[in-house]
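A short worksheet on the structure shown next.
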Amino acid sequence: MVLKLGQPVVYLPKNNANENSTLVSPCFDFTGESNLDVSFSIWWDIEQSWEGAVFQYTTNNGATWQTIGGFGDTTNWYNRNDINSAPWGSNQGWSGDVDLGGSSGGWLNLSHVIDQLAGLSEVKFRFAFASDEIYQYDGLAIDNFKVYNPNTVYTCSDTNYSC
């Protein structure tokens, strides 16, 4: 199964002081699926350790959210575990790199196993961002978002998005 979302690039532009923003997906039905992975490209220019973003999911229409992965998981996954603004409750996530002036250093291609969502019928994802009050950088961008099982291929039109 391959599920792709929206326009080619989703950009959370230059952040405001003390901002808490989210980018939420439509609802996915993974009934009958297994061995799920998620992948996307990400770029950021945000203040190191004071601003950050995290990737989460919900199975109850947003009443609670769970963080996918942790600091040091898989290649290029969360690069910090000391984000002071704690995006939506998580001090782990993606944050600026002082050696790159706050940038990710270009587009990074990420993937993570999400087998815990296989078989569930009402799943939403979100990218959650938080900033502090002092410096505001250029922001965060997401591209090429997909959820997939290499054994099955679906398009978005084959998927139920209603929760």
Selected residue (criterion: farthest from P26 (Cα to Cα)) from residues of segment 57-90 that are of a type in the set (A, V, I, L, M) and surrounded by fewer than 19 Cβ atoms within 10 Å (Cβ to Cβ)
A86
In segment 105-136, how many residues are among the polar types (S, T, N, Q) and touching an Asp or Glu at 6+ places or on another chain (Cβ under 7 Å)?
3
Scanning segment 112-142 for residues that are over 18 Å from F28 (Cα atoms) and polar (S, T, N, Q), the one surrounded by the fewest Cβ atoms within 10 Å (Cβ to Cβ) turns out to be Q136
What pairs come out if I take residues in segment 16-44 that are farther than 20 Å from T67 by Cβ and pair them with residues that are outside any loop (DSSP other than H, G, I, E, B) and among the aliphatic types (A, V, I, L, M) whose C-beta lies under 7 Å away, six or more apart or interchain?
W43/A141
Return the pairs, sorted by first residue and then second, in which the second residue is among the charged types (D, E, K, R) and surrounded by fewer than 19 Cβ atoms within 10 Å (Cβ to Cβ), the first residue lies in segment 130-141 and is closer than 16 Å to Q92 by Cα and touching a residue at least 40 places away in the same chain (Cβ under 8 Å), the beta carbons are less than 6 Å apart, and the residues are 6+ apart or on different chains.
S131/E19
Looking at segment 30-46 only, could you name the residues that are crowded, with 16+ Cβ neighbours inside 10 Å and assigned to a loop (DSSP other than H, G, I, E, B)?
F30, E33, L36, I46
What tally of residues in segment 47-70 results from selecting those that are free of Cβ contacts under 8 Å to residues at least 40 places away in the same chain and in a strand (DSSP E or B)?
2
Restricting attention to segment 74-95, does a residue exist that is of a type outside the set (S, T, Y), over 17 Å from Q56 (Cβ atoms) and in a strand (DSSP E or B)?
no
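Taken together, the values in this text are just the output of simple stated rules run on the coordinates, not laboratory data. Keep in mind that what you see is a predicted model, and the values were worked out from it rather than measured. No Cβ is skipped: glycine too gets one built from the backbone with ideal geometry, and neighbour counts run over all protein chains shown.
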